[in-house]
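Notes follow once the structure below has been shown.
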Amino acid sequence: MDVRRLGLLRELAQRGTVTAVAKALHLTPSAVSQQLKALEREAGVALTQRSGRGLALTAPGRILAETAKDVAVAIERAEAVWSEFVEQPRGEVTVTVFPSVGEMLMPGVLHRLADVAGLRVVCSDQDPLLPDFADLTPDHDVVVADAPGVLPSWRERGLVITELMHEPLDIAMPEGHPLAAKAELAPSDVIGERWIGVPRDLPFDRILQRIEAITGQQADIAQRFGDNGIAEAMVAAGHGIAILPRYTTRVHENGLVTRPLAGIRSERVIWALERPEVAVRPSVRLVIQALRDEAHEFLLLHG
């Protein structure tokens, strides 16, 4: 079977529609459809079927798409072995991060990689409210994600998952707040306060839901913001308290103080996600190692 056509089937499994595949690969939808039909003729079975106005994979199509992933991994591994033999890691690696972790890790990561000849790391920031960071992996080599644990969709996609660090989440309050006199806070201390929350069902919101469950009381959520900077400003202005990440919350001379939350797990885990065919590239492996090293050093200095 034609390897390029197998790649199109793999892209269809990842992206969901012929239009999305065509856009990503700079082809026309008709060209993609024609190549998929040619692959069906080679396979001798139907690989796609009509689903509404689009195409969905049949059971044989899903099996062959999984095989296409294995083929892509094998090709990338072979190219990686040759690349390691004849040259240092080089080329472009795209990395996307959510803002607070980008602020925390990426300046140091870029310093670590600055002297690697022929390597170009292109960074971007992502919407921290994205429902599933795995949706970004078709378009970026490395996706830095925030989740309390490994999500089922990450496993289902066959992604390579690297744990980078754990970051505690603290209670932020205005300077002079009565709770600032305590070294740590229990759920019963904070449930009666007015809150600056986050959009519903995001990780920080689920922590607040656990506080409600433990105390049997409903939190008074005055406002909800997805941007931590806005939440910091609202807390400093006295409009409520909030759950904020320890290492990137600005608590010096800006009207904020933070205290750890006791009696409940309150942290976020930072992960790096890669497609398996991308993860074997020497340049990508080098970027992942730089992320791990920077996260480790950051925790030694601030943890």
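Residue by residue, segment 175-186 carries 3J(HN,Hα) couplings of 4, x, 5, x, 5, 5, 6, 8, 6, 8, 10, 9 Hz when phi is fed to the Karplus relation 6.51 cos²θ - 1.76 cosθ + 1.60 (θ = phi - 60°); x denotes Gly or Pro. Amide H contacts of E175: L256, V257, each under 5 Å away and 5 or more positions distant or on a separate chain (H built 1.01 Å from N in the peptide plane; Pro and chain starts excluded).
Can you tell me how much longer the chain between Q218 and E267 gets when fully stretched, taken as 0.36 nm per residue apart minus their C-alpha distance, in nm with one decimal?
Answer, rounded to one decimal: 15.5 nm.
Amide hydrogen proximity for A145: with H placed 1.01 Å from N in the peptide plane, the residues at 5 or more positions away or on another chain lying under 5 Å are W271, A272, L273. Only one residue of G240, A117, V160 has its Cα farthest out toward the positive end of the dipole of the chain, where Lys and Arg carry +1 and Asp and Glu -1 on Cβ, and that residue is V160. Between A22, A31, A74, the Gaussian network model of the chain with springs among Cα atoms under 10 angstrom shows the greatest mean-square fluctuation at A31. Residue exposure proxy: H111, H140, H26, H239, ordered by other Cβ atoms within 10 angstrom of their Cβ from fewest to most, comes out as H26, H111, H239, H140.
The charge dipole of the chain, taken about the Cα centre with unit charges on the Cβ atoms of Lys, Arg (+1) and Asp, Glu (-1), comes to about 1040 debye, rounded to the nearest 20.
Out of every Cα pair in segment 31-86, what percent are spaced more than 18 Å from each other?
Result: 47 percent of Cα pairs exceed 18 Å.
Listed by Cβ neighbour count within 10 Å, with the fewest neighbours leading, S266, S100 appear as S266, S100. Express the Stokes-Einstein translational diffusion coefficient of segment 10-150 in µm² s⁻¹, to the nearest whole number, given a Kirkwood radius over alpha-carbon pairs, 10 °C and a viscosity of 1.306 mPa s. The calculation lands on 89 µm²/s.
DSSP beta bridges confined to the chain are antiparallel in about 65 percent of cases. Between the amide H of G54 and any residue lying 5 or more places away or on another chain, no distance stays under 5 Å, with hydrogens modeled in the peptide plane. Taking K and R as +1 and D and E as -1, what net charge do the other residues with C-beta under 12 Å from the C-beta of I270 add up to? For residues surrounding I270, the net value is -3. Evaluated over the Cα positions of the chain, the convex hull gives a direction-averaged projected area, one quarter of its surface, of 18.9 nm².
Based solely on its DSSP helices, what 222 nm [θ] is calculated for the chain when runs of n ≥ 4 H residues each add -39,500 (n - 2.57) and the sum is averaged over all residues, nearest 500 deg cm²/dmol?
Here the helix-only value at 222 nm equals -14000 deg cm²/dmol.
Would you mind finding the longest exposed-site-free stretch of the chain, with exposed trypsin sites (Lys or Arg not before Pro) meaning DSSP loop and at most 14 other Cβ atoms within 10 Å?
54-181
Taken one residue at a time, the phi angles of segment 153-168 give Karplus couplings (6.51, -1.76, 1.60, θ = phi - 60°) of 5, 5, 5, 4, 7, x, 6, 8, 10, 10, 7, 9, 5, 10, 10, x Hz. Gly and Pro are set to x. Taken one residue at a time, the phi angles of segment 128-138 give Karplus couplings (6.51, -1.76, 1.60, θ = phi - 60°) of x, 8, 4, x, 9, 4, 4, 5, 8, 5, x Hz. Gly and Pro are set to x. In the neighborhood of L261, defined by Cβ-to-Cβ distances under 15 Å, what is the net charge if each Lys or Arg adds +1 and each Asp or Glu adds -1? Local charge sum for L261: -1.
Take the convex hull of the alpha carbons in segment 213-253; its mean projected area over all directions comes to 3.8 nm².
When the convex hull of its Cα atoms is viewed from all sides, segment 151-298 shows a mean projected area of 10.2 nm².
Values in this text are rule-based calculations from the coordinates and carry no lab data. Computed from a predicted structure; not experimentally measured. Using ideal geometry, Cβ is built from the backbone for each residue, glycine included, and neighbour counts are taken over all protein chains shown.
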